[in-house]
1. Report whether or not Q163 is closer than 21 Å to S61 by Cα and either in contact with a helix residue (DSSP H, G or I) (Cβ under 9 Å, 6 or more places away or on another chain) or modelled with pLDDT of 95 or more (or both).
2. Which count do you get for residues in the range 171-192 that are surrounded by fewer than 18 Cβ atoms within 10 Å (Cβ to Cβ) and part of a strand (DSSP E or B)?
3. Those residues that are free of Cβ contacts under 8 Å to residues at least 40 places away in the same chain, exposed (fewer than 15 other Cβ atoms within 10 Å of the Cβ) and of a type in the set (D, E, K, R), I need them from the range 318-350; list them, please.
4. Report whether or not S85 is buried (at least 19 other Cβ atoms within 10 Å of the Cβ), modelled with pLDDT of 95 or more and in contact with a Lys or Arg (Cβ under 9 Å, 6 or more places away or on another chain).
5. Among the residues of the range 15-33, what is the count of those that are of a type in the set (A, V, I, L, M, F, W, C), modelled with pLDDT of 95 or more and exposed (fewer than 14 other Cβ atoms within 10 Å of the Cβ)?
6. Can you go through T410, T377 and tell me which one is closer than 28 Å to L283 by Cβ, out of contact with any strand residue (DSSP E or B) (no Cβ under 6 Å at 6 or more places or on another chain) and at pLDDT below 75?
7. For residues that are touching a residue at least 40 places away in the same chain (Cβ under 8 Å), within 31 Å of the chain's Cα centre (by Cα) and not in a loop (DSSP other than H, G, I, E, B), tally how many sit in the range 114-148.
8. Does the range 179-207 hold any residues that are hydroxyl-bearing (S, T, Y) and under 10 Å from the mean Cα position of the chain (by Cα), and which are they?
Amino acid sequence: MKLYSFSFLILLFTYGYCRSDIRIPFRLTLAVPVEYSVGFIGRALLLETNQTVPNFKTALSVEAVDGRYSCSLEVFLGDVKVWNSGHYVRFYTWDICVLELTGDGDLRLKGPKEQVGWRTGTSGQAVERLQIRNSGNLVLVDTLDQIKWQSFNFPTDVMLWGQRLNVATRLTSFPRNSVSFYSLEIQHNMISLYLHSGKWNYSYWEFKPSNNRNITFIRLASNGLRLFSDKYKKIAQIPSQQSQPLRFLALGNETGNLGLFFYHPSKGRFETAFQALNTTCDLPLACKPYGICTFSNACSCIRHLTKETTMSSNCSEGISGEFCGSNQAEILELEGVSSVLKNGPKRVNISKEACSNLCLEDCKCAAALYSSVKGETNQRECYLYGLVVGVKQVQRGTGVSFMVKVPKGTSGNHGKTNVKKWVLAMVGVFDGLIILLVLGGLGYYYIQKRRKNLQATDNHT
């Protein structure tokens, strides 16, 4: 039992089926605590595969989440959760959490007063039993062992060994206390990691097969993640960096990093055999909004780039919110700064000033990245961003300029402008005095010379 301050964690294994299936009809009820307890988890073990450790288990769970209790059906590999019925939409309940496999073959989660919170929708399909297979696939099958429903068709944030994901399928993970979420997208020409925030979607890592070959599906093998074409031919692979066989692929819900995992027998735990991103600053949410990930992997607010601090304060204070136009906003240009986010709205072959103005006049734009890096196309590119995250420090002179839109008067440019005007005014006054002195001196010289000439003429006369 792991103890927390003012909270507690409870694990319940009230049912221990040594077999790997449950036949119809079936009903299991878990009591939900009357009072909310932070950190509470209650689980009833339902099914277990007959494999060496770590094996697969299925459990009915009650968990304390955000002031309420969530009821869900879960699959575990060892102590790692690899599937959850409430991954996208949680079923919140009170008093009781019920798992029911009805006589007509529908698997349901229910609350008080027979309220249905989740179901497989398999009524009338001759379902006979619920089964957990050695692959970790939770299935409903008929008397002929034909699958009528399977968890593999509803992927969450984990892909198991042997599992197949087709094009247009994705894994998703949701950071806690965040409106953003991550996804692994299987597309025709690549697999990509994306950050989603509102209407904005940005990729931050991608893997493409060579020669522009199309992907039909991917499958996790013992030695790597394999990509296949429509002819079931392997066209590419992300290899494992360990000799031990892979067990699962996971998309981290806190970092958004993609990892391939193997089981280390002597240590008794899962470890990483491959990571898509190996440095902190390549992660999309390594720092808070309007923060910069520096060379030392520390976070600094944009206005204090030279002062590396941990992000204890809100870097977006006074900057957040939509504003636009030269009367409300101005552009703060940062040197030696770039972004890990890609695939935003892009314009090509425009000047840096035009790129800056595009963001300045777009009320939804929060920042822009201007690239004039010489390459095969020699294109000047302008990317617009609706949020300021994924910002990191890079070497100067890379041909990249990162521009942040800030409220008018907060970038510090006005102070410099006023000083410049004051200096120009003082220079003007000083120059004027010098000119007056020079002209006065010349006038005095000519007057005195004329007087001497007149006196000489009088004396001669």
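The values are calculated or read from the model by the stated rules, or taken from the named source; none is laboratory data. Quick caveat: nothing in here was measured; it's all calculated off a predicted structure. Virtual Cβ from ideal backbone geometry, glycine too; neighbours counted across all protein chains shown.
1. Here the answer is no, as Q163 does not meet what is asked.
2. 1
3. K346
4. no
5. Adding up the residues that qualify gives 1.
6. T410 is the lone residue from the list that is closer than 28 Å to L283 by Cβ, out of contact with any strand residue (DSSP E or B) (no Cβ under 6 Å at 6 or more places or on another chain) and at pLDDT below 75.
7. 3
8. S180, Y182, S183, Y194, S197, Y202, S203, Y204
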